[in-house]
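Just so you know, all these numbers are worked out from the coordinates, no wet-lab data involved. Being a predicted model, the structure only gives us computed values, none of them experimental. Glycine also receives a Cβ, built like all others from the backbone with ideal geometry; neighbour counts cover every protein chain displayed.
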Amino acid sequence: MKLRKGIAVTTTEYGGVLLDEKDGSYWQLNDTSVIVVETLAAGRAPEAAVERIVAEFDVERSEAESDVAELTRQLVEAKILRP
């Protein structure tokens, strides 16, 4: 997966922001969402994001898998990520 051209990602002390430079829309991201976006944007599989989330946060693998799948679906649907 890749971020669509014109999408900027900025991390903040509270997580991060995705900005669509084309239309000015943005998504506010929490810490785990930033991990997902960065991992997928680097061309790695969603499972790599799950691994990192499970290692860094107190969360069950099944919950991390579900959350990563849902965020990935939303970002693809919003045309922010390209499969």
Which whole-number percent gives the relative contact order of the chain, counting Cα pairs below 8 Å spaced six or more residues apart?
30 percent
Would you please put 34-41, 53-60 in order of how densely packed they are, using the mean number of other Cβ atoms within 10 angstrom per residue and starting with the highest?
34-41, 53-60
Could you tell me which residue out of Thr72, Gly24, Val34 lies farthest along the dipole of the chain toward its positive end? Charges go on the beta carbon: Lys and Arg +1, Asp and Glu -1, centred on the Cα centre.
Gly24
Name the residues whose placed amide hydrogens come within less than 5 Å of the amide hydrogen of Leu81, ignoring near sequence neighbours (fewer than 5 apart) on the same chain.
Arg4, Val76
Using alpha carbons only: equivalent-ellipsoid semi-axes of the range 1-42, gyration tensor based, whole Å
16, 13, 6
Per the helix-only calculation at 222 nm, which mean residue ellipticity applies to the chain, given -39500 (n - 2.57) for every DSSP H run of n ≥ 4 and division by its residues, nearest 500 deg cm²/dmol?
-15000 deg cm²/dmol
What nm distance separates the two modelled labels at Asp31 and Gln74, each placed 7 Å from Cα along Cα→Cβ?
1.8 nm
Karplus ³J(HN,Hα) for the range 37-54 (6.51 cos²θ - 1.76 cosθ + 1.60, θ = phi - 60°; Hz, whole; x = Gly/Pro) runs 4, 4, 5, 5, 5, 7, x, 8, 6, x, 4, 5, 5, 4, 4, 5, 5, 4
In the neighborhood of Arg73, defined by Cβ-to-Cβ distances under 14 Å, what is the net charge if each Lys or Arg adds +1 and each Asp or Glu adds -1?
-2
Karplus-derived 3J(HN,Hα) from phi for the range 61-69 (6.51 cos²θ - 1.76 cosθ + 1.60, θ = phi - 60°), whole Hz, x at Gly and Pro, runs 4, 4, 5, 4, 4, 5, 5, 5, 4
One quarter of the convex hull surface, Cα atoms only: what value does that give for the range 30-83 in nm²?
3.3 nm²
Explain nothing, just the number: dipole magnitude of the chain about its Cα centre with +1 on each Lys and Arg Cβ and -1 on each Asp and Glu Cβ, in debye rounded to the nearest 20.
620 debye
